[in-house]
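Trainee: Submitted below is the structure of interest, expressed as structure tokens.
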Amino acid sequence: MGDQSPRMPYRQGPPKAPPARPAPASGKEAVSGEAVSGAAVSGTTAERPRGRWPSAQHYAALDLGTNNCRLLIARPQAEGFAVVDAFSRIVRLGEGLSATGRLSEAAIERTLAALKICAEKLKRRNVTLSRSVATEACRRATNGPDFIARALAETGIHLDIISAEEEARLAVLGCHVLIEPGDDPALVFDIGGGSTELVLVDTSATVPRVLDWHSAPWGVVSLTEHIGYAQDRAGRLDAYARMRAIVTDSFAGFADRLPRDIARPRLLGTSGTVTTLASVHLELSHYDRSQVDGLIVPASSMRRISKDLSGMDLAERATLPCIGTERADLVVAGCAILETIMDLWPAERLGVADRGIREGILRRLMNRERL
């Protein structure tokens, strides 16, 4: 199900970002490649902590989205933190939600299986303090509260259903160090499974100030399920155009509020969509966070890749490295959302962040920053 754990811990901080790379010369893309509340969970255990730092104080952040369940465990280090364990699994909790308004039993079972693995990691690492949050799928589902109660009973993890605004702020807090230098406001976005958050920030201070934000009810899962699939190329291109139109309409109010005449728009994305497309741009044979996080990609390359993917059928997309069967059906919706954001905020370059909500939670837990 796409589990990922780092072989070695990494430091959370400004990366040594590789320079922007030009798009491949060929028109054929070689596509590759995604305040502490009472709800905080303490992962305590009677056994002695294991790992390379048995006496270190460990913190954890769990982000349960519409599509993914992701955990990060870290210890404080200098002005940031070092990750000592992580887990990521595609669970598709929101599968079918747009049609039924409920979390399906199959999706709940997949998610509980992932949460049980997370709970074991929390115990094994002897986590001092953690916070676990749930986002759009649980906000929208009529049985969301029932699922939260069941998750607590079966895994010991108390999920806090956060608002769209807090989701947006946590994402910015976790990735803002990757915003390119500049004087004008910058736009940060997070394309999720069930929603997309857009945040306009003033970066004149060390910690950005939120100027405006918007949450649209379209993510890669909800948009894909709403539009459906087409068998022929013409149908696929038509579906892509309809996706673009729907997302454009959902952004309209925010678009009207955006400042005009920005000299050099700055854009930073944190989501599986932008990291996957960044892998495409780099022509990676497999996903490599060290090459993707902090990358700057020409917007024209992202548009070209998006258009190429929108015309491919499911089988073609599934054969591409770093997309595969798990992302093949959802990546096109992400492309449609991304292109619409680039229409909204026409930056020449796109910053890519493989960090976001979890890192934002950790920085709050460690009292590093607040936003």
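Trainee: Can you find a residue that is more than 22 Å from the chain's Cα centre (by Cα), farther than 27 Å from I323 by Cα, surrounded by fewer than 22 Cβ atoms within 10 Å (Cβ to Cβ) and modelled with pLDDT under 95 anywhere in the stretch 189-204? Full working, then the answer.
Mentor: In the first step, residues of the stretch 189-204 are kept if they are more than 22 Å from the chain's Cα centre (by Cα); the result is 204.
This time we only want the ones that are farther than 27 Å from I323 by Cα, so: 204.
Filter once more, keeping what is surrounded by fewer than 22 Cβ atoms within 10 Å (Cβ to Cβ): 204.
Adding the requirement that they be modelled with pLDDT under 95 leaves 204.
Yes - at least one qualifying residue is present in the stretch 189-204.
Trainee: Now for a different question. What helices (runs of 4 or more DSSP H) completely inside the stretch 195-303 contain at least 3 residues that are among the β-branched types (V, I, T)?
Mentor: 220-227, 233-257, 272-282
Trainee: Something else about it: Mind checking which residues of the stretch 214-238 are modelled with pLDDT of 95 or more and of a type in the set (A, V, I, L, M, F, W, C)?
Mentor: A216, W218, V220, V221, L223, I227, A234, L237
Trainee: Checking P185 against (1) of a type outside the set (S, T, Y); (2) touching a helix residue (DSSP H, G or I) at 6+ places or on another chain (Cβ under 9 Å); (3) open to solvent by less than 60 Å² (accessible area, probe 1.4 Å); (4) closer than 28 Å to F81 by Cα: exactly one of these is not met. Which one?
Mentor: Of everything listed in (1) of a type outside the set (S, T, Y); (2) touching a helix residue (DSSP H, G or I) at 6+ places or on another chain (Cβ under 9 Å); (3) open to solvent by less than 60 Å² (accessible area, probe 1.4 Å); (4) closer than 28 Å to F81 by Cα, P185 misses just condition (2).
Trainee: Scan the stretch 102-124 and give yes if some residue there is more than 17 Å from S222 (Cβ to Cβ), modelled with pLDDT under 95, out of contact with any Asp or Glu (no Cβ under 6 Å at 6 or more places or on another chain) and of a type in the set (D, E), otherwise no.
Mentor: no
Trainee: Conditions: (1) surrounded by fewer than 17 Cβ atoms within 10 Å (Cβ to Cβ); (2) closer than 20 Å to L284 by Cα; (3) not aliphatic (A, V, I, L, M). R327 meets all but one. Number of the miss?
Mentor: With respect to (1) surrounded by fewer than 17 Cβ atoms within 10 Å (Cβ to Cβ); (2) closer than 20 Å to L284 by Cα; (3) not aliphatic (A, V, I, L, M), R327 is out only on (1).
Trainee: Considering only strands (runs of 3 or more DSSP E) fully contained in the stretch 55-115, which possess at least 1 residues that are closer than 14 Å to F147 by Cβ and under 19 Å from the mean Cα position of the chain (by Cα)?
Mentor: Where strands (runs of 3 or more DSSP E) fall fully within the stretch 55-115 and carry at least 1 residues being closer than 14 Å to F147 by Cβ and under 19 Å from the mean Cα position of the chain (by Cα), they are 58-64, 68-77.
Trainee: Filter the stretch 42-66 down to the residues that are surrounded by 15 or more Cβ atoms within 10 Å (Cβ to Cβ) and in contact with a Leu (Cβ under 7 Å, 6 or more places away or on another chain), then identify the one that is modelled with the lowest pLDDT.
Mentor: By that ranking, first place goes to G43.
Trainee: Would you confirm, using the coordinates I've provided, whether E339 is crowded, with 20+ Cβ neighbours inside 10 Å, of a type in the set (D, E) and more than 23 Å from V133 (Cα to Cα)?
Mentor: Against the criterion (crowded, with 20+ Cβ neighbours inside 10 Å, of a type in the set (D, E) and more than 23 Å from V133 (Cα to Cα)), E339 qualifies.
The values are calculated or read from the model by the stated rules, or taken from the named source; none is laboratory data. Bear in mind that the values here come from a model prediction, so they are computed numbers and not experimental data. Using ideal geometry, Cβ is built from the backbone for each residue, glycine included, and neighbour counts are taken over all protein chains shown. Note: accessible area is taken over every heavy atom of the protein model, side chains too, but ligands, DNA and RNA are not part of it. Shrake-Rupley method; radii C 1.70, N 1.55, O 1.52, S 1.80 Å.
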